[in-house]
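Structure first, commentary second.
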Amino acid sequence: MDINGDGLLNDMDRTWIGNAVPVAFGGFNTSISYKNFELSAYFSFAYGHQVFNQFMINWGTMTGLNNVRKDAYDNRYQFVYPTTDPKTAAEIRERNKTATTVVAGTTADQRESTDYFVENADFFRCRDISLSYKLPASIIKKLKVQNIQVYGNIQNLFMITNYSGFNPEVG
C-alpha cells in the first residue's frame, strides 16, 4: 500500500500495524472442595495484541517448499494458460479476484514479510486442571502416615483464540 502517496512502494511506506505487547494479560486460580475431593484450575488470558505468524509463511503460502494448509490451497491464485478451456479460464479469473494466497514467483509473493501474516493473538486458556482425593482418616491411621492424597492433572485442556498458528504466545 502506498502510504505516503508518492506513487512508489518503498521504505517510506512502512507504517505501524500493531503491537506485540498485550493491552492486558493475567490469570486466575479457582478451587472447590467437596468432602475428600478437591478440583482446582488455573486460567490465563491476554488481549489487545498482534503477532507475526511465521507458521503461515511456511504452511500458508504456495512456496513449493512445504505442504500447505487446505485453506491456503483452496484460496490460491491460479494461472490461466492459453490452452485453458475458456469457460474454466473465466471461472479461474473470477476466483483469482479474491485469492488470498499467491504462488511463488508472482508479483505479490507473500513469502515477503507483510501485514498479511500479522494476526490478532488474543486468547483465553485453561492451563491446568487438577482433581484430587484425600484418603479417609481411618485408612491413613492404619497406614501410620499423616496424609495420602491421590490426584490427576490435565495441562492445556483448552484455548479459545482466533489465532491460526499453534500458539499465540510465541516468542
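Could you give the semi-axes, largest first, of the ellipsoid that matches the chain, computed as the square roots of 5 times the alpha carbon gyration tensor eigenvalues and rounded to whole Å? Numbers along the way, then the final one.
Working: eigenvalues 561, 93, 27 Å².
The three semi-axes for the chain are 53, 22, 12 Å.
On a 0 to 90 degree scale, rounded to 10, what angle separates helix 86-96 from the longest Cα axis of the chain?
Helix 86-96 sits roughly 50 degrees off the main axis of the chain.
Leaving out ligands, DNA and RNA, and with a 1.4 Å probe, what % of the accessible surface on the chain is carbon or sulfur?
Its accessible area is 57 percent carbon and sulfur atoms.
Would you mind counting up the charge near Leu135? Only other residues with Cβ under 14 Å from its Cβ, with Lys and Arg at +1 and Asp and Glu at -1.
+4
Give me the net charge of Ala20's neighbourhood, meaning all other residues with Cβ under 13 Å from the Cβ of Ala20; Lys, Arg count +1, Asp, Glu -1.
Value of the local net charge: -3.
Less than 14 Å Cβ to Cβ from Asn153, Lys/Arg counted +1 and Asp/Glu -1: what total charge do the surrounding residues give?
Its environment carries a net charge of -1.
What does the accessible area per residue of the chain come to in Å², with a 1.4 Å probe and no ligands, DNA or RNA counted?
72
The values are calculated or read from the model by the stated rules, or taken from the named source; none is laboratory data. Note that the structure is predicted; figures quoted are calculated from it, not measured. We place every Cβ from the backbone using ideal geometry, glycine too, and count neighbours over all the protein chains shown. Areas reflect the complete protein model, heavy atoms only, side chains present, ligands, DNA and RNA absent. Shrake-Rupley method; radii C 1.70, N 1.55, O 1.52, S 1.80 Å.
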